[in-house]
Amino acid sequence: MQLETSSWTEVEETAPTTALLPVGSTEQHGPHAPVGTDTIIARAMAEAADRESTADSVVLPTLPVGVAPYHGHFPGSLSVSPETLRSYVRDVLESLSDSSVERVVFVNGHGGNGGTLGNLAREVADAAELDLEAFLWEWMRAVDEHVGHAGELETAVLLYLCPDDVGDPVAGDALEWDDTVDGGVGHRFTEEFSENGAVGDATEATAEQGEAVFETAVDALCSFLDRIE
């Protein structure tokens with residue numbers, strides 16, 4: 001069920017025990033992909049898993065802005081601090097602690113959120129005042145191939161989900177995310193190693209490929225939900 005489109009009486013009657021919290025980002029994704037890419041994908045995967053899994057689940061409203069300061073020199077990019085994201089998500093969890101929800105899964109679509117959300121999940125596990133569990137799930141880890149920033153796989157998923165919002169796919173000015181050298185962080189902003197903001201080559205991406213990647217990720221999320229119940 002979708003929390004945003006449900007009444008409080010429907011929520012009370014359904015009494016979901018698992019909440020899916022999509023967490024995205026609003027940031028540049030090269031010249032061809034929308035700045036809401038991470039949000040679009042996270043929301044769609046959470047909604048699909050809610051429909052397809054056997055869990056008594058509810059999809060919470062998506063958080064659309066994440067930790068993305070390294071994209072900040074590109075127009076359209078937004079960011080919050082790790083402290084703000086942690087505090088906001090923790091407050092959401094506290095508001096669920098007296099509900100029927102027993103566990104929350106962060107359905108994360110943006111790599112920059114992972115450290116904050118992973119640490120928060122561990123913090124919640126030891127928090128006596130929060131009568132629920134929290135888990136981090138990321139679609140980028142659920143598929144076998146490397147997911148580049150606005151690269152082939154991410155663009156393919158977008159072509160499957162929202163083709164009208166995708167421009168002509170391009171090759172990124174970097175083939176791999178390259179912000180370290182000799183073990184140190186040499187590049188602090190994305191444009192220092194990819195002028196057009198994309199990483200990888202999206203020119204061969206197809207909607208059919210995107211559908212297969214999407215289904216693989218959703219199947220993995222459904223399996224994960226079964227595992228933690």
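The values are calculated or read from the model by the stated rules, or taken from the named source; none is laboratory data. Keep in mind that what you see is a predicted model, and the values were worked out from it rather than measured. We place every Cβ from the backbone using ideal geometry, glycine too, and count neighbours over all the protein chains shown. The area values use the complete protein model at the heavy-atom level, side chains included, leaving out ligands, DNA and RNA. Shrake-Rupley method; radii C 1.70, N 1.55, O 1.52, S 1.80 Å.
Details
- Answer residue from the stretch 118-131, given it is of a type in the set (A, V, I, L, M) and more than 29 Å from Glu215 (Cβ to Cβ) and is most open to solvent (accessible area, probe 1.4 Å) among those: Ala128
- Some residue of the stretch 2-23 being part of a loop (DSSP other than H, G, I, E, B), open to solvent by 50 Å² or more (accessible area, probe 1.4 Å) and touching a residue at least 40 places away in the same chain (Cβ under 8 Å): no
- Flag if Tyr70 is farther than 30 Å from Asp178 by Cβ, of a type in the set (Phe, Trp, Tyr) and touching a residue at least 12 places away in the same chain (Cβ under 8 Å): no
- In the set (1) under 24 Å from Glu4 (Cα atoms); (2) touching a Gly at 6+ places or on another chain (Cβ under 9 Å); (3) of a type outside the set (A, V, I, L, M, F, W, C), Ser57 fails one condition alone, (2).
- If the condition is being under 16 Å from Asp226 (Cβ atoms) and surrounded by fewer than 22 Cβ atoms within 10 Å (Cβ to Cβ), then the stretch 39-49 contributes only Ala48.
- Selection of helices (runs of 4 or more DSSP H) fully inside the stretch 94-190 by the criterion of at least 1 residues being under 14 Å from Ala33 (Cβ atoms) and in contact (Cβ under 8 Å) with a residue 12 or more places away in the chain returns 152-161.
- Counted residues, the stretch 141-161 - those being open to solvent by less than 50 Å² (accessible area, probe 1.4 Å) and in contact with a helix residue (DSSP H, G or I) (Cβ under 9 Å, 6 or more places away or on another chain): 13
- Extreme residue, farthest from Leu225 (Cα to Cα), among residues of the stretch 29-38 that are outside any strand (DSSP E or B) and open to solvent by 10 Å² or more (accessible area, probe 1.4 Å): Pro31
- A residue that is of a type in the set (S, T, N, Q), under 23 Å from Arg103 (Cβ atoms) and either modelled with pLDDT of 95 or more or in contact with a strand residue (DSSP E or B) (Cβ under 8 Å, 6 or more places away or on another chain) (or both) can be found somewhere in the stretch 31-49.
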